[in-house]
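Undergrad: Attaching a single structure in structure tokens format; questions to follow.
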Amino acid sequence: MHLRCSFCGRTVFQNKSPEYTLCSINCKKLFINKQEIDYYENKIMELLDIKTIQVSELQNHFKIHEKFKVVSAVRRLIYFRKFIKAKTKNEISQRSYIFKVKK
């Protein structure tokens, strides 16, 4: 099994942090702000209460320059927290449909 970045959820080829698994310096900078991470994850979970949605449709609820943070939050919710699932067998992308896991 491949290691995944703790921020963006991508496969890590070279770790950039001694403490966490982070794939880039950009992820290392963004990983520090835990409040912002929680904000994106909570907002996505609220939007998923309504229906199954495509990742690109989530972008309509955020600012245009927040695309990386939104996709990263989706990947974290799928790979680490397992609160949502994707209807894809490949990596999560803008075209992936996601839905909330029913418990």
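The values are calculated or read from the model by the stated rules, or taken from the named source; none is laboratory data. All figures in this text were calculated on a predicted structure; none of them were measured in a lab. With ideal geometry, Cβ positions are generated from the backbone for all residues, glycine too; neighbour counts draw on all protein chains shown. Side chains are part of the model used for accessible areas, which takes the heavy atoms of the whole protein and leaves out ligands, DNA and RNA. Shrake-Rupley method; radii C 1.70, N 1.55, O 1.52, S 1.80 Å.
Undergrad: Of the numbered conditions (1) among the polar types (S, T, N, Q); (2) open to solvent by less than 100 Å² (accessible area, probe 1.4 Å); (3) in a loop (DSSP other than H, G, I, E, B), Asn26 satisfies every one except a single condition; which is it?
TA: Asn26 satisfies all of (1) among the polar types (S, T, N, Q); (2) open to solvent by less than 100 Å² (accessible area, probe 1.4 Å); (3) in a loop (DSSP other than H, G, I, E, B) except (3).
Undergrad: Being in a helix (DSSP H, G or I), at pLDDT 90 or above and exposed (fewer than 15 other Cβ atoms within 10 Å of the Cβ) is the requirement here; does Tyr20 meet it?
TA: Criteria not met by Tyr20.
Undergrad: Residue pairs, Cβ under 9 Å, 6 or more apart or interchain, first in the range 80-103 and in contact (Cβ under 8 Å) with a residue 40 or more places away in the chain and within 13 Å of Lys51 (Cα to Cα), second open to solvent by 80 Å² or more (accessible area, probe 1.4 Å) and not aromatic (Phe, Trp, Tyr). List them.
TA: Tyr97/Lys87; Ile98/Lys85; Ile98/Lys87; Phe99/Lys51; Phe99/Lys85; Phe99/Lys87; Lys100/Asp49; Lys100/Lys85
Undergrad: Can you say whether Ile50 is exposed (fewer than 13 other Cβ atoms within 10 Å of the Cβ) and either of a type in the set (Lys, Arg) or assigned to a loop (DSSP other than H, G, I, E, B) (or both), as far as the supplied structure shows?
TA: So Ile50 fits the description; yes.
Undergrad: Output the residues belonging to the range 74-103 that are of a type in the set (Val, Ile, Thr) and in a helix (DSSP H, G or I).
TA: Val74, Ile78
Undergrad: Let me ask another. What single numbered condition from (1) surrounded by 13 or more Cβ atoms within 10 Å (Cβ to Cβ); (2) assigned to a loop (DSSP other than H, G, I, E, B); (3) of a type outside the set (Val, Ile, Thr) fails to hold for Phe13?
TA: (1)
Undergrad: Please state which one of Lys82, Lys34 is on the phi > 0 side of the Ramachandran plot, charged (D, E, K, R) and either open to solvent by 30 Å² or more (accessible area, probe 1.4 Å) or touching a helix residue (DSSP H, G or I) at 6+ places or on another chain (Cβ under 8 Å) (or both).
TA: Among Lys82, Lys34, only Lys82 is on the phi > 0 side of the Ramachandran plot, charged (D, E, K, R) and either open to solvent by 30 Å² or more (accessible area, probe 1.4 Å) or touching a helix residue (DSSP H, G or I) at 6+ places or on another chain (Cβ under 8 Å) (or both).
Undergrad: So, in the range 53-73, exactly how many residues are open to solvent by less than 60 Å² (accessible area, probe 1.4 Å), assigned to a helix (DSSP H, G or I) and either of a type in the set (Phe, Trp, Tyr) or more than 19 Å from Thr88 (Cβ to Cβ) (or both)?
TA: 2
Undergrad: Between a first residue in the range 27-48 that is over 18 Å from Ser17 (Cβ atoms) and a second residue that is at pLDDT below 95 and surrounded by fewer than 13 Cβ atoms within 10 Å (Cβ to Cβ), which pairs have beta carbons less than 9 Å apart while being 6 or more apart in sequence or on different chains?
TA: These pairs meet every condition: Glu41/Arg81.
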